[in-house]
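Visitor: Right, I'll just put the structure down here and ask away after.
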Amino acid sequence: MTSTRALRSGAAGALGALVLLGACQTADPRSPSGAGTRDTATGTTTTAHTTTRASTPSPSTPAMPTSPAAPLAELPRGGRVLFPHYRLVGYAGAPGSPALGRLGVGDLDDRVRELEKRAARFGAGRTPQPVLELLATVVQGSPGRDGKWRTRLSDKAIRQHLNAARRHRAILLLGIQPGRASFLDEVKAYEKWLRQPDVGLALDPEWAMKPGQVPMRVFGHTTGREINEVTAWMATLVKRHRLPEKAVVVHELAPNIIRGEEVIKARQGVALIKSVDGIGDRAMKEETWRKLTTSLPKGMRAGFKLFFEEDRAFGPLMTPAQVLALDPTVDYVLYE
């Protein structure tokens, strides 16, 4: 079951739709940022969400305030800490690629409005926070010029999704399927975006290949040490630029996708979340949940993924009430 999902999402998405996007990373163009910014790539004018404390900085300019007394940037819906005030609810995907998730279906603003209505059902005493989990680095079926078996989404596409997130006061997560590249190298490639107060990360180690491995032929994995490298870098970025807390999601669909997780460390300024991605009916998904959440490292929170197509092949999609009844508490609900 999991291999079927992996082959479908990887082959259909990485080899097909993303080619249409001009997915190779481009030179650093003008960024989307403050209110009323003219986007030179799309020819549209967007209004970025700002708080009463600080305006949102541009990805092409430093996020560091000019003085220690400068106002601090906040999260899209206020404050500087995600939990326990918020519950994150997201759509995953890539533009023009329905096989990779709901986020890639139809008009982007329509999808975010739909997501916001869905997120409202997960409040249960918290403030729902919509999330756009955009696949930014995607595995491909050929090694590419650098032999890394992955491609990166264009700046234009990332900018469009960040603009949409800001129109709806949502958080943007940059999803990474690294191929044979390292997670840390891929994360650093998006530094100008991660310096924004409303942009975080989602790591997908199923697609992290070791030397000699080929995506879509084997399941990849990562380690607690590699996750620590990413969160340490992110924590330094948050501190240096005085950013609000960053969400860093790590997806896991089966045991051994994350190895040696007992060494994972909690980091100031980073909210680390394990998203349990098992497929099946309610009983199957809850069994996977128990296997992957019974010994979470200190400071790691729990997330839960629902698949519109794959889960429904086994029965009805789990309801918000059923998801919220899971133990430990679900802090991030993701639909694909």
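The values are calculated or read from the model by the stated rules, or taken from the named source; none is laboratory data. All values derive from a computational prediction rather than experimental measurement. Cβ placement follows ideal geometry from the backbone for every residue including glycine, while neighbour counts extend to all protein chains displayed. We work out accessible area using only protein heavy atoms, side chains counted, and drop any ligands, DNA or RNA first. Shrake-Rupley method; radii C 1.70, N 1.55, O 1.52, S 1.80 Å.
Visitor: For the stretch 174-183, take each phi angle, set θ = phi - 60°, evaluate the Karplus expression 6.51 cos²θ - 1.76 cosθ + 1.60, and give the result in whole Hz per residue in order, putting x for glycine and proline.
Guide: Coupling constants for the stretch 174-183: 8, x, 10, 10, x, x, 8, 6, 8, 4 Hz.
Visitor: I would also like to ask the following. Hey, can you rank 269-278, 76-85 by average C-beta count inside 10 Å, highest first?
Guide: Details: 269-278: 23.4, 76-85: 16.1.
Final packing ranking: 269-278, 76-85.
Visitor: While we're on this one: Quick check: from the Cα gyration tensor, does the stretch 109-239 come out rounded (a/c under 1.5), prolate or oblate?
Guide: prolate
Visitor: Right, next: Would you please give the FRET efficiency between Ala232 and His85, computed as 1/(1 + (r/R0)^6) with r the Cβ-Cβ distance and R0 = 22 Å, to the nearest 0.05?
Guide: Computed FRET efficiency for Ala232 and His85 comes out at 0.30.
Visitor: Using only the alpha carbons of the stretch 171-293, determine the length spanned along each of the three principal axes and report them from longest to shortest in whole angstroms.
Guide: 42, 34, 26
Visitor: Apply the Karplus parameterisation 6.51 cos²θ - 1.76 cosθ + 1.60, with θ equal to phi minus 60°, to every residue of the stretch 250-255 and state each ³J(HN,Hα) to the nearest whole Hz, in sequence, with x for glycine and proline.
Guide: 10, 7, 9, 9, 7, x
Visitor: Name the residues whose placed amide hydrogens come within less than 5 Å of the amide hydrogen of Val333, ignoring near sequence neighbours (fewer than 5 apart) on the same chain.
Guide: Leu88, Val89, Gly90, Phe304
Visitor: Oh, and also: Please work out how much accessible surface Glu262 shows to a 1.4 Å probe, ignoring ligands, DNA and RNA, in Å² rounded to 10.
Guide: Number for this one is 140 Å².
Visitor: Can you pull the one-decimal nm distance between simple spin-label points at Ala70 and Asn256, each 7 Å off the Cα toward Cβ?
Guide: 4.9
Visitor: Could you calculate the contour length gain from Lys117 to Arg312, that is, 0.36 nm times the residue separation minus the distance between their Cα atoms, to one decimal place in nm?
Guide: Working: separation 195, 0.36 × 195 = 70.20 nm, distance 2.06 nm.
Result: 68.1 nm gained on full extension.
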